[in-house]
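Below is one structure, written out as structure tokens, with a few remarks after it.
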Amino acid sequence: MRLRVRRRWFNRRRNEEARDTESPALFSDVPSSRSFAGDVSRETSPKQHPPTSHKPAPFRFMFHVKRRRRIFTALALAAIPLIAACTSTTGSTGWAPPIPDIDDENVVIIRNDDKKISAIDLKDQTELWRFPGEDDVFPGLADSIEFKAFYGAPVPLGTDPEEFVVAGEEGGVVYAVRYDGSSARLLFDTEDSIIAGLVVEGLTIYVATTDKNLYAINADVPETITWQFQAFGGALWGTPALVQTEAFGQLLLVPAMDGHIYAIRTDPTLAESERLAWEFSGTNGSIAANVHVEDGVAYFGSFDRHFYAVDIETGAEKWSANGDNWFWSSPLIVGDILYAGDLEGSVWAWNKTTGNAAWQAPYPAEDEVRSRPVLVNDGDTLLVIAKSGVVHAIDPVTGLNQWTTVPIDDDVLADTLIVAGRVLVSNDDGDLFEVLFDLDIPTVLPIFPPLIRRTEQTPPGEPRSN
């Protein structure tokens, strides 16, 4: 009986703490970024960790509660990737950004609100085709398929691409789909979840999965592994970067949820034990963001509230800079300046060589920033889209606000696409919008579904009527 009382008291106390902790959640049903960040960050501040007030615990329970708290905290930290992986697909189509069609700049490939892939004509605001089609079947595939979400962007395949490759999160199957929507083919089944984006070089496709596996496959030899690397310390969520080095030849820089960057040699003749060129372990938090490489330096953010620059030849840290919360977005580099947003809603500008601040203070977007910044208006405006869907126009030199828009419907986690001078944004539902910034009052216009049809219901697996 006493054990049951202690257990009920501990659970009630833990729930009270969770309710009192103020923090924007990454997803509505996932533990907040700030509640975990305090356990993995290098420094804390009253701003980042608001005090909470609770009644003191009864003396006779104190020892048991402290011990149980330590156990619960350790388990919670270890379970971050698992919790997020299990809940992030709920009600979401993922965060794969739209990509342009190879031959027609007025056509884009998007994930749609039925958790499928669609080709959209920007002029007519119509759907040309969707993958999979009616009844979840598609020409070229023997079986029906169903996706839960798309996280990595579709990627052109080959030097003269007629196909793009894409992977659904659940099931971890990689497909090649023709740009004209005429057929598709199954390339590889990882039998696990894929959140990281695919990396393509010619006909070689690098696939990173949440079960700590990296595969190299060839599009001309479906369902065959060219080589595999498994010695990762954490799940793979961020998109790797393919680089060329003098010391090791071609490397794939793979971010992992254990907070490490693994530099993997891609030479197919090597044994698995020979593949690791170097390993960067200088962070105190998970890395779910994509790796960006420029001028021999890899740039990435971490859940420890720091942004890093690392030499691709040696894995040595060149600099790191503090943020206000987790970094989970890709940076934009223009000239000597690197721009990045964090989950506090702070947008930062640093010198890419030194890490010194380029603005007097970070820009306050007032909500989590997951989308990569983009530069528009002949380089005079930095666009940052917060998770809330508010578009912020920032002076790239001073960091001051130029204008903002009303929120886009639903959350925005995907990167922004600029094609044919148009700024396109995809929200959490898979709807496509255009940011019109050259008007007297900048605004956001629905592209697909068009405004006139946004309230219509389309049965799953059926094409939309034009």
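The values are calculated or read from the model by the stated rules, or taken from the named source; none is laboratory data. As the structure is a prediction and not an experimental result, all values here were calculated from the model. FYI the Cβ positions are ideal-geometry reconstructions off the backbone, even for glycines, and counts take in every protein chain you see.
Select, from Glu294, Glu344, the only residue that is surrounded by fewer than 16 Cβ atoms within 10 Å (Cβ to Cβ) and either closer than 22 Å to Pro97 by Cβ or under 18 Å from the mean Cα position of the chain (by Cα) (or both).
Details: Glu344 fails: surrounded by fewer than 16 Cβ atoms within 10 Å (Cβ to Cβ).
Matching residue, one of Glu294, Glu344: Glu294.
Hey, does segment 309-318 have a residue that's under 21 Å from the mean Cα position of the chain (by Cα), closer than 30 Å to Gly389 by Cβ and modelled with pLDDT of 95 or more? Even if it seems obvious, please write down each step before you answer.
Here is the first cut: in segment 309-318, the ones under 21 Å from the mean Cα position of the chain (by Cα) are 309-310.
Then drop every residue that is not closer than 30 Å to Gly389 by Cβ, which leaves none.
Within segment 309-318, not a single residue is under 21 Å from the mean Cα position of the chain (by Cα), closer than 30 Å to Gly389 by Cβ and modelled with pLDDT of 95 or more.
Pick from Thr224, Thr210, Thr283: which is within 20 Å of Gly323 (Cα to Cα), of a type in the set (S, T, N, Q) and at pLDDT 95 or above?
Numbers: Thr224 fails: within 20 Å of Gly323 (Cα to Cα); Thr210 fails: within 20 Å of Gly323 (Cα to Cα).
Going through Thr224, Thr210, Thr283 in turn, the sole match is Thr283.
Determine, yes or no, whether Thr204 is more than 18 Å from Glu272 (Cα to Cα) and either crowded, with 17+ Cβ neighbours inside 10 Å or not small (Gly, Ala, Ser) (or both). Quick ask: steps written out before the conclusion?
Values: more than 18 Å from Glu272 (Cα to Cα): no; either crowded, with 17+ Cβ neighbours inside 10 Å or not small (Gly, Ala, Ser) (or both): yes.
It is false that Thr204 is more than 18 Å from Glu272 (Cα to Cα) and either crowded, with 17+ Cβ neighbours inside 10 Å or not small (Gly, Ala, Ser) (or both).
Pick from Ile110, Ile117, Ile99: which is surrounded by fewer than 21 Cβ atoms within 10 Å (Cβ to Cβ), β-branched (Val, Ile, Thr), within 22 Å of the chain's Cα centre (by Cα) and within 22 Å of Pro450 (Cβ to Cβ)?
Details: Ile110 fails: surrounded by fewer than 21 Cβ atoms within 10 Å (Cβ to Cβ); Ile117 fails: surrounded by fewer than 21 Cβ atoms within 10 Å (Cβ to Cβ).
Of the residues listed, the single one that is surrounded by fewer than 21 Cβ atoms within 10 Å (Cβ to Cβ), β-branched (Val, Ile, Thr), within 22 Å of the chain's Cα centre (by Cα) and within 22 Å of Pro450 (Cβ to Cβ) is Ile99.
Val174: surrounded by 15 or more Cβ atoms within 10 Å (Cβ to Cβ) and over 16 Å from the mean Cα position of the chain (by Cα), yes or no?
Here the answer is yes, as Val174 does meet what is asked.
In segment 432-445, is there at least one residue being of a type outside the set (Val, Ile, Thr), buried (at least 19 other Cβ atoms within 10 Å of the Cβ) and either at pLDDT 95 or above or within 22 Å of the chain's Cα centre (by Cα) (or both)? Steps first, answer last, please.
Of the residues in segment 432-445, the ones of a type outside the set (Val, Ile, Thr) are 432-434, 436-440, 442, 445.
Add one more test, that the residue is buried (at least 19 other Cβ atoms within 10 Å of the Cβ), and what stays is 432-433.
Adding the requirement that they be either at pLDDT 95 or above or within 22 Å of the chain's Cα centre (by Cα) (or both) leaves 432-433.
Within segment 432-445 (the criterion being of a type outside the set (Val, Ile, Thr), buried (at least 19 other Cβ atoms within 10 Å of the Cβ) and either at pLDDT 95 or above or within 22 Å of the chain's Cα centre (by Cα) (or both)), the answer is yes, since at least one residue qualifies.
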